[in-house]
């Protein structure tokens, strides 16, 4: 039942380059919460994984307290001088268009135009990312410098967009394990050319899915959902309301490619094991931090609404709104670090390995210490080659004593690691040694009290 | 059921001057645990409030483990030289007489007299306040300087006092709310001319009673008792032993007019909600502190005796025994600050507003976030004039999200304020907005687990 | 039921000299886990106490997961040059022989000899203490300097030892109190001439047994076991498996004679009252520390194995492995401080006095404070001579108020000391005063909730 090789396997299965290539490939697509861009993105994921499904929901469908909005697509958008010179062009940056801008064609005064421009006076070189999903408006996002260069009295506007009944589309994949209990990952995929927010997490999720699909003998089932933010999570919940009770642990993945330390934002349910696991894992990471739950941020807002109250936290590097590149044209391919992508991937791999190995050993010789010498366990044998990538994880005599002492059916391997100060991989390996020596049995659930 | 206007109403109802005038008016009265002085004091309160009752208990009546003592009154007390020059005169300071001094008339040697004088060698200008309720004695309290000036070999003593069967008198008022549960305030009123200890609290209690009696729709009932210290609290408990279970929260009020920071001394019952409420409220006050319960101090000693163990703490500014003016002639009208009286009053008003609004909202749309935009709550409307004295209390979008997220029937408004870091008034107002938008219902008690 | 005189009695019953004489007397004996040395040691204890029993278990007997090993005895052991000069001689130090060395006679090359020598390169003057109980080997322990002086090409070895079927022997004594519940002390007594580890604890245990046997009216029963380390504790547990449930609190005593501060290593069962008691007692000691349980150290490893999980911690001064003299010839009679022995003894005496007095008073007058004045308790009477060795322990008025206030049947005297900040002896004495005044009753167990 133990799977000490899982973490090394997961870790070896990808690379900084493999991760970064997904970010590069997806960056040029103009995504929004509906439309062709998000469908192209889901197709890209589907081509690289197995059994990936997409779900289309027609505009106007009620989902929880909301309704699916009209579908938005945009082909072109320009601002031209009266001479016909193009001064702002969607072709130059996917961020130039106000998301969900209605179509508009006509000549307007500079004053009227400026009422439809969004810029960042404090960051004059950057184009902001802005949306107006539920208040109908047209508009452009430009740099402050661009805006300053617009000195003509009038401009011609052409927004070749459509906003009309269509569909909202999300994607998901379930990797079935022995248990029906699910480990849930949610990734928002509605942002246009922003690399960290959230192509970083899409890339990591693709690689995790590929690796887990190539792995035998998973204990838990793993579900990855790729949804447009807010309305997509609400739509997914509306369609899966009866199945959410299967979710044992979950993470919203977001902004996992910048060079900041890891951040874990706790699930609303303070007692969820997700919090216990992540708080312990993350305290070993450099510059990492834990944040209390608050009802703002990413789709954990929906998963942690009081009716669901799911054991879902949020994993990030730099948190939303806390880095200057956030929601601007500076969140580009230069901003995402291939090595940071790998570190985030490896951290999630450690979390998965923890879940897959967090069982309850029960000693067969609980009265006094068993005599280790006659079983060849004192002194301990040397590490077999290839069992772990880090020799420091091979158990010492003390790890063996810890596992034996705590094998009372009330301490999981995670509890043992926490109490002993040993790494979880060490405890997994020590438990494996003792199981092989017939000194303990491994149970899935704790003993009755 | 919510009453967001309660705190502004309570706060507007009094002033530093109104509070201080009560202290001035009551200062000249010679009070003790029995006698005319305490009855005059209770009459003063009765004239300024409604439905105030006084209770007279005859001397000798058993009350719990005690007996009501004889009633003490004193008309005059002097020390004269053999020439007839008055050197100490009760008419000059109510503190000059040892409380419960027996009558005495006669010429005594300086040595005998000195055995009956109480002074403060470390504070030579001040007259101490001393009592001898249960050991019969006669005596005077004088300043160390006065004592030093007594150099004659003999003096004539006249103490025109009576100590004989009579009554102990206490007063109380109940302001009935919708609920039988009582919020209890106890004020000791047995000290002669000491302004902070405890005319300050009598003044605040009078103003609180007047304001609460002018307020409609109170949820809880409010009981204020004015008792002589120790024996009065014991007498009240003896008469009300069956009713003490109605007390939901309580405070002994004492020394609330000096310029020190607020002090909350916890109730003996560590888990009492009184402690939770007061600890949270007081940590926002400048220079405030919390003290653990100890079985010494004011009448919380009796309310927190093990048989009662009532949820009653003690609210003070400078604690008893911790300021040099304590129990001396320096605890006079100059020592009490009108502004400090108001600050103490306002703090108690905030406590009352907290209690009256600490209900359990339950969201009608607990699955996912409700869509606020179509209900005109995104963005939020502006603050109506006059809802709160402090514009900073008007909710922001985040406060709305907090209340919605925690409206699960297990979080009271107080819990929400504590968890969100928002002010309680903000949470009250946000809850009111959401209730008006039919997004939640308000319950008095938490949902079943 | 209270026994306020117990601590003064225990404290007066011994002296630094009395304690140190046992260490001196036992130091020359060559002890091991079996053999004549440990039997001589147990005889010494038996001669100085009453009802001391020894238990012999034949070699080969299964005990839990182990088997009793063969008995080891050694008469002489030398290393000689080929000229016949003795260069290492067991007669010079009991540490020179590798414990459980097999017999050996013959000439060996320097290289072969060096493979059987144990020394401490970092501490070149000291002889180490080494064992090889379960891997058959012969060997000597020598100082690094001695080893360096061995420059001949060959040496003659004579180890006149026997390792053959015999017995393992341990000793124990039970001092019966009114209750069957046992307070358990375990002392390892298998080390040869090491003074702190563990003659210090043997000496303290002898004096504790003598004093407790001379004391009337013990509430609990006290069991002291003297066992060879690991195998002896396992043997005792195997013989007493059904009786271990009687153990209410226990301590492994070890290394109690050096000048380091006291150390309490917690029992595995975090909630055991032993931990609560010891943590509170030890925080009053200079330079003291508390260590979390770990499954390494002394025989608490066996008592705290998961099947037993006994409420047994370990009391030490400097912990095993944490002082440079540990397991070397420097752990000699100079290393043990007579005054440190007494301080350790007194600490255990305080622990015993705490256990014997930790009852639950219940006030007869729980409603309000009882009137102390008419019972002669306000002011308090003076301390009778001889009730306590430390006048500072005599209660003040505040101690009386604390005991009355907490006498609700849910606070033991220990709880009262902890909450009030008074010493336990003060609380014991105050409780005694109040019991004599008929103000409270003393119960053995807490009141039902």
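The values are calculated or read from the model by the stated rules, or taken from the named source; none is laboratory data. As the structure is a prediction and not an experimental result, all values here were calculated from the model. Methodologically, a virtual Cβ is constructed for each residue, glycine included, from the backbone with ideal geometry; neighbour enumeration extends over all protein chains shown.
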Exercise for the section: Filter region B:382-401 down to the residues that are more than 14 Å from chain A (Cβ to nearest Cβ) and out of contact with any helix residue (DSSP H, G or I) (no Cβ under 9 Å at 6 or more places or on another chain), then identify the one that is modelled with the highest pLDDT. Expected result: B:382
Problem - Residues (assigned to a strand (DSSP E or B) and under 24 Å from the mean Cα position of the chain (by Cα)) located in region B:54-65 - result: B:54, B:55, B:56, B:57, B:63
Practice task
Please state which of the following conditions residue C:94 fails to meet, knowing it meets all the rest: (1) under 21 Å from residue C:27 (Cβ atoms); (2) out of contact with any strand residue (DSSP E or B) (no Cβ under 7 Å at 6 or more places or on another chain); (3) exposed (fewer than 14 other Cβ atoms within 10 Å of the Cβ).
Solution key: (3)
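For every residue, the table says whether it meets (1) under 15 Å from the mean Cα position of the chain (by Cα); (2) part of a strand (DSSP E or B).
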position: C:226; (1), (2): yes, yes
position: C:233; (1), (2): yes, no
position: C:248; (1), (2): no, yes
position: C:256; (1), (2): yes, no
Fill in the blank from the handout: (1) within 24 Å of the chain's Cα centre (by Cα); (2) in contact (Cβ under 8 Å) with a residue 40 or more places away in the chain; (3) surrounded by fewer than 16 Cβ atoms within 10 Å (Cβ to Cβ) all hold for residue C:31 apart from (3)
Exercise for the section: Would you be able to say whether some residue in region A:336-354 is outside any helix (DSSP H, G or I), away from chain C (no Cβ under 14 Å), within 30 Å of residue A:312 (Cβ to Cβ) and in contact (Cβ under 8 Å) with a residue 60 or more places away in the chain? Expected result: yes
Exercise for the section: From (1) closer than 17 Å to residue B:22 by Cα; (2) crowded, with 24+ Cβ neighbours inside 10 Å; (3) in contact with a helix residue (DSSP H, G or I) (Cβ under 9 Å, 6 or more places away or on another chain), pick out the condition that doesn't hold for residue B:193. Expected result: (2)
Completion exercise
Flagged in region C:266-290 as surrounded by 15 or more Cβ atoms within 10 Å (Cβ to Cβ) and part of a loop (DSSP other than H, G, I, E, B), in numbering order, are C:266, C:267, C:268, C:269, C:272, C:285, C:288
Problem - Number of positions in region C:97-124 that are touching a residue at least 60 places away in the same chain (Cβ under 8 Å) and surrounded by fewer than 21 Cβ atoms within 10 Å (Cβ to Cβ) - result: 4
Fill in the blank from the handout: Of (1) more than 14 Å from every other protein chain (Cβ to nearest Cβ); (2) surrounded by fewer than 18 Cβ atoms within 10 Å (Cβ to Cβ); (3) under 16 Å from residue A:317 (Cβ atoms); (4) touching a residue at least 12 places away in the same chain (Cβ under 8 Å), residue A:253 satisfies every one except (2)
Handout entry: Residue match in region A:342-358 (condition: modelled with pLDDT of 95 or more and under 18 Å from residue C:296 (Cβ atoms))
Key = no
Practice task
Would you be able to say whether some residue in region C:14-33 is in a loop (DSSP other than H, G, I, E, B), at pLDDT 95 or above, in contact with a strand residue (DSSP E or B) (Cβ under 6 Å, 6 or more places away or on another chain) and farther than 30 Å from residue C:361 by Cβ?
Solution key: yes
Exercise for the section: State the number of residues belonging to region A:297-323 that are within 12 Å of chain B (Cβ to nearest Cβ) and either crowded, with 24+ Cβ neighbours inside 10 Å or touching a helix residue (DSSP H, G or I) at 6+ places or on another chain (Cβ under 8 Å) (or both). Expected result: 10
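Residues are listed down the side, and each one gets a yes or a no for (1) in contact with a helix residue (DSSP H, G or I) (Cβ under 8 Å, 6 or more places away or on another chain); (2) within 14 Å of another protein chain (Cβ to nearest Cβ); (3) closer than 30 Å to residue C:355 by Cβ:
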site: C:106; (1), (2), (3): no, no, no
site: C:110; (1), (2), (3): no, no, no
site: C:129; (1), (2), (3): yes, no, no
site: C:133; (1), (2), (3): yes, yes, no
site: C:158; (1), (2), (3): no, no, no
site: C:164; (1), (2), (3): no, no, no
site: C:185; (1), (2), (3): yes, no, yes
Exercise for the section: State which residue is farthest from the chain's Cα centre (by Cα) when the search covers only region C:177-190 and only residues that are assigned to a loop (DSSP other than H, G, I, E, B) and within 20 Å of residue C:303 (Cα to Cα). Expected result: C:180
Fill in the blank from the handout: The residue that is surrounded by the most Cβ atoms within 10 Å (Cβ to Cβ), considering only those in region A:366-381 that are within 7 Å of chain C (Cβ to nearest Cβ) and over 43 Å from the mean Cα position of the chain (by Cα), is A:368
Fill in the blank from the handout: Taking region A:70-91 and keeping residues closer than 20 Å to residue A:114 by Cα and assigned to a loop (DSSP other than H, G, I, E, B) leaves A:82, A:83, A:84, A:85, A:90
Exercise for the section: Kindly indicate which of A:30, A:10, A:64, A:19 is in contact with a helix residue (DSSP H, G or I) (Cβ under 6 Å, 6 or more places away or on another chain) and at positive phi. Expected result: A:64
Completion exercise
Of those in region B:202-242 that are free of Cβ contacts under 8 Å to residues at least 60 places away in the same chain and within 14 Å of chain C (Cβ to nearest Cβ), the residue nearest to residue B:341 (Cα to Cα) is B:240
Practice task
Check whether at least one residue in region A:420-431 is farther than 13 Å from residue A:2 by Cβ, free of Cβ contacts under 8 Å to residues at least 40 places away in the same chain, within 14 Å of another protein chain (Cβ to nearest Cβ) and surrounded by 16 or more Cβ atoms within 10 Å (Cβ to Cβ), and report yes or no.
Solution key: yes
